[in-house]
1. Looking at region B:95-113 only, could you name the residues that are in a loop (DSSP other than H, G, I, E, B), over 22 Å from B:Ile6 (Cα atoms) and either of a type in the set (A, V, I, L, M, F, W, C) or without any contact (Cβ under 8 Å) to a residue 24 or more places away in the chain (or both)?
2. What's the number of the only condition in (1) closer than 30 Å to A:Phe212 by Cα; (2) out of contact with any Phe, Trp or Tyr (no Cβ under 7 Å at 6 or more places or on another chain); (3) crowded, with 20+ Cβ neighbours inside 10 Å; (4) not acidic (Asp, Glu) that A:Ile117 fails to meet?
3. Restricting to region A:316-343, name every residue that is surrounded by 22 or more Cβ atoms within 10 Å (Cβ to Cβ) and part of a loop (DSSP other than H, G, I, E, B).
4. Under the condition of being more than 9 Å from chain A (Cβ to nearest Cβ) and touching a Ser or Thr at 6+ places or on another chain (Cβ under 6 Å), which residue from region B:124-145 is surrounded by the most Cβ atoms within 10 Å (Cβ to Cβ)?
5. Within region B:37-62, can you find the residues that are at the interface with chain A (Cβ under 9 Å from one of its Cβ atoms) and either under 11 Å from the mean Cα position of the chain (by Cα) or among the hydrophobic types (A, V, I, L, M, F, W, C) (or both)?
6. Under 6 Å between Cβ atoms, at least 6 apart or on separate chains: pull out the pairs that start in region A:169-198 with a residue that is under 27 Å from A:Pro78 (Cα atoms) and end on any residue that is of a type in the set (S, T, N, Q) and part of a loop (DSSP other than H, G, I, E, B).
7. Does B:Cys97 satisfy the condition of being closer than 25 Å to B:Leu142 by Cβ, at the interface with another protein chain (Cβ under 8 Å from one of its Cβ atoms) and within 13 Å of the chain's Cα centre (by Cα)?
8. Scanning region A:80-106 for residues that are surrounded by fewer than 22 Cβ atoms within 10 Å (Cβ to Cβ) and more than 14 Å from every other protein chain (Cβ to nearest Cβ), which turns out farthest from A:Phe63 (Cα to Cα)?
Amino acid sequence: MEAVAEKPLTIPGFPRPLKNHEMIVNMGPQHPSTHGVLRLELIVDGEVIVDMIPHIGYLHRCFEKHAEYMSNYQQVIPYCDRMDYIAAMSNDLGYAIACETMLGIKVPERVEYIRVIMAELQRIASHLLAIGTFGMDIGAFTPFLYCFRDRERILDLFEQTCGARLLYNYIWIGGLSHDVPPDFAGKVADFCTSFKPTIKELNSLLTHNKIFVERTAHVGVLQADVAVNYGASGPVLRGSGVEWDLRRNDPYSIYDRFEFDIPVGRGEVGTVGDCWDRYIVRVREMEQSLRILEQAIGQIPEGNVQSAIPKRIRPDSADLYVRTETPKGELGYYIVADGTTSPSRVKVRPPTFVNLSILPAMSRGAMIADVIAILGSIDIVLGEVDR
Amino acid sequence: MIPQEILDTLIKQFPGVTFELKKAGSGDPSILVPPDRILDVSRFLRDDDRMAFDSLMCLSGVDYTGGRMGVVYHLDSMTKRHKVTLKVEVSDDQPECQSVESVWKTANWHEREAFDLFGIRFAGHPDLRRILLPDDWVGHPLRKDYELPEYYRGMKVPY
C-alpha cells in the first residue's frame with residue numbers, strides 16, 4: 001500500500017508548518033492561571049515552548065465605540081472604571097487629566113492631593129492583588145490570603161469615601177464626586193502604620209521562599225533593550241533594570257512634590273529581568289507608595305473639591321495624548337475632539353495590552369510550567385487588554 | 001528637541017518628501033508624513049543619535065470622516081527626553097500604510113488593532129489578523145460609516 005503523504009499543519013500566526021514532533025497545547029480561555037479569559041495557543045516540542053500565539057478579545061466590550069457614542073465627555077468615566085477594574089481610580093485619573101489638559105482646567109490643590117492619595121492607595125491595592133495571585137499561581141496559598149486581607153482595608157477606605165469598592169466613578173473632570181470623610185487622613189495614616197510590618201511578613205513568607213525563588217529566578221528573562229522595543233512599561237520595564245517611572249520622568253498632577261525612589265530589578269537571586277525581579281519591584285513600590293502617602297496626608301489643604309468642575313465640556317478641535325503611570329504601567333489616552341460635546345475618538349493605550357504582547361518573546365524556550373510564572377509576573381487584567 | 005527642529009532635520013534628511021507641521025487648539029503638534037515613507041522616517045528617527053526615539057508609546061487609527069483616515073504615531077525618546085507625534089493620512093476606500101513593526105515590535109499588536117477596528121492594511125506586517133473581534137466579524141466597527149449589525153450569526157442583537 002502506498003503511504004499517503006500527510007498535509008503539514010499550519011496555524012494562523014505561526015510562520016511555518018508544524019514539524020512532526022511538535023504539538024499544540026491550548027491553555028485557556030477558562031484556565032485559573034490566565035487571570036481572566038485569555039487563550040494561549042502553545043506550540044510545544046515535548047515540554048519546551050517553541051512558540052506561543054495569544055488569543056485575546058474574549059472580554060471586548062467596545063470601550064472606544066462606547067466613548068464615541070456618549071453624549072458628553074463625563075459619561076466616559078464609568079467605562080474607564082471597567083477597563084482595569086483592579087485599579088479603577090488610576091484609569092479615571094488618566095482620563096480626567098487628559099480632558100483637563102485639553103480644556104486647560106487647573107484643579108484645586110485639595111483635589112490634587114486627594115487624587116494622589118487615592119492613586120497611591122490604588123497602587124498598593126493593585127500590587128497586593130498581583131503579588132497574591134502570582135504566589136497562588138506558583139503554589140503559595142497563604143500569601144494570597146494575607147494580601148487580600150490588607151487589600152480589603154484599602155477598599156474599605158474607598159467605600160467610606162465614595163460608596164463603591166471596585167468601580168468608583170470618583171475622579172471627575174475638574175474635581176471629585178465627593179469630598180473625603182472628615183477622619184480620612186487619620187485612617188490612611190493608621191493604614192500606613194499597620195501595613196509596614198505586613199510587608200516584612202510577606203517578604204518572609206514569599207519573597208525568599210526557596211520554592212518561590214526556584215520557580216521565578218532565571219525564568220522569563222526580558223532584556224532591557226527588548227523591553228523598550230516592545231513598549232513595556234511599569235514593573236515589567238523596571239524589572240528589566242530600566243529606571244523609568246512616569247511619575248518621575250514625565251510628571252503629572254503633583255508628583256514632582258514628593259520624594260520617592262524608583263525600585264528596579266537588579267538580578268538579586270537570578271538574572272536581571274526575570275520573574276522574581278518583576279515581583280520584587282512591586283513589593284518595593286508598595287513601600288514607596290507608603291512614603292508618598294505619608295507625605296501627602298499631612299499636607300491636604302482645605303478647599304472645595306467641586307469648584308473647578310465644568311458645567312459643559314465642549315473643547316475646540318484638538319487631539320492630544322496624555323499618559324499616566326498606573327500600577328501596571330503607562331496608561332495613555334489619545335483623545336480627538338471635533339468641537340462637539342462628545343469625543344470623536346478615544347484611543348486607549350492599555351499597559352497590559354502592550355505588556356502581554358511580549359509574552360511570546362519571553363516564553364520561547366521555556367517550559368510549559370514557566371508560562372504560568374511568566375504570565376503571573378506580567379500582571380495582566382483582561383478587562384484592560386480587551387477593553 | 002522641539003517638533004519644529006525635528007521637522008527641519010527630517011526635511012534635510014529626506015529631500016523631495018513633503019512634511020507638514022500641524023497644531024490644532026490645545027493639542028500636541030504633529031508632523032504629517034506620506035504613507036509610503038513612514039517606514040524610512042521611523043527607522044531614521046529611531047537610529048539617528050540626535051533623535052533616538054527608542055519607544056513607540058501608542059499607535060492609533062483614526063477616522064476623520066470625509067474620505068480621510070489616519071494613523072497616529074506617538075514617539076518617545078527615553079534617553080533624549082523628547083516626544084513627537086507623526087501622522088499619516090490615507091483614503092478610506094483603500095486605506096494602506098507601511099508597517100513599522102520592523103522598527104518597534106510594539107507596533108505589531110497596535111497595527112493589528114487598527115486593522116481590526118478600522119480596516120487599515122499595514123504593508124509588511126508579518127501577521128495581520130483581527131485581534132479583538134472574532135475572526136468572522138464583518139466590517140470594521142470604529143469607522144464612522146459602520147452600520148451596527150442587526151443580527152450576529154442569525155441571532156437578533158438587542159439594542
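1. Passing the criteria: only B:Lys105.
2. So A:Ile117 meets the others, but not (1).
3. A:Pro327, A:Lys328, A:Pro343
4. B:His125
5. Result: B:Leu56, B:Met57, B:Cys58, B:Leu59, B:Ser60, B:Gly61, B:Val62.
6. Final answer for the pair search is A:Tyr170/A:Ser177; A:Gly175/A:Gln306.
7. Answer is no for this residue.
8. The residue in question is A:Tyr85.
The values are calculated or read from the model by the stated rules, or taken from the named source; none is laboratory data. Keep in mind the model is a prediction, meaning the values are calculated, not measured. Positions of Cβ are generated from backbone atoms using ideal geometry, with glycine treated the same way; all protein chains shown enter the neighbour counts.
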